Structure formats: structure tokens, C-alpha cells
Amino acid sequence: MLKAEDVTSKRLDHHGIVSSVIQDLGIIEYIDKELETGEEEVTSGEAVAAMIINGLGFSDRPLSLTPQFFEQLPLEQLFGRKIESSQLNLGLRISCRYRLRKACETVN
């Protein structure tokens, strides 16, 4: 029998809609196909999706607090797999932006 103390909930708010649009457009898969992923456990496409969700989070918190922003969200529902908020850190965003910039330079 399930006990009340075993049940937790997290608010999805509008982030579920943003995540669904990202998935419907295939943004994560497209970016993962075009960019190599570094040694991080989170792919480049997932990092970009996290930046989009954070940017549309209507939050006045600086981007350096991204892990704290995602602590309150159900990441498994947003990304379709288990991701820890601590994995969405500044190092991941910097390396992903570097790979994006490098890919854009090769197109030009």
C-alpha cells in the first residue's frame, strides 16, 4: 500500500508545454545529430532545451543559478529520461554554446 510520505509532487506549470513543443519540433534530436556531445552525461540537444526552458521560465534569476531553477521541476517528464538538476550546470552550457558557435562558423 502506498503511504502518504512516499508521495511527492512537483509543479510543471507552463514548462511542460514548452518541453512538448521542443520535442514536437525535434530540436533535441536535430542538435544531437549535428553536434558531437562532449563528455557530459547530458547531450547538446538536451542542454539547448534546458536553456530554452530556463529562458522561458519567466524568472528573474541569473542563468548561473540554472541548477537551482531546475530543482523544483520534474526533469524526467520534461526531458523523457532521468536528469539531475546538478548536471545542468554552467560548464555544460559553456561547452554546448562553444560547440554551437563552432558549428555555425563551419556553415558560414
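Things worth noting here:
- Largest GNM mean-square fluctuation among 13, 32, 60, using the chain with Cα springs under 10 Å: 60.
- Restriction of the chymotrypsin sites (Phe, Trp or Tyr not before Pro) in region 6-100 to DSSP coil positions whose beta-carbon has at most 10 other beta-carbons within 10 angstrom yields 58.
- Three-way shape call for region 4-45 based on the alpha-carbon gyration tensor, with the a/c threshold at 1.5: oblate
- Considering only alpha-carbon pairs that sit under 8 angstrom and 6 or more positions apart, the relative contact order computed for the chain is 30 percent.
- Rounded to the nearest 20, the Cβ-based charge dipole of the chain about its Cα centre (Lys and Arg +1, Asp and Glu -1) stands at 240 debye.
- Compared with the dominant Cα axis of the chain, that is its longest principal axis, helix 15-25 is turned about 40°.
- Set against the 2.2 N^0.38 Å expectation for a compact globular protein, region 13-105 has a Cα radius of gyration ratio of 1.01.
- Low-density loop cleavage sites - trypsin sites (Lys or Arg not before Pro) in region 1-69, where at most 14 other Cβ are within 10 Å (DSSP): 3, 10, 11
- Length gained when the stretch residue 39-residue 56 is fully extended (0.36 nm per residue, less Cα-Cα span): 3.4 nm
Read-outs: derived from the displayed coordinates by stated rules, not from any lab. Since the model is a prediction, treat every value here as computed from it, not as a measurement. So basically every Cβ, Gly included, is an ideal-geometry build from the backbone, and we count neighbours across all protein chains shown.
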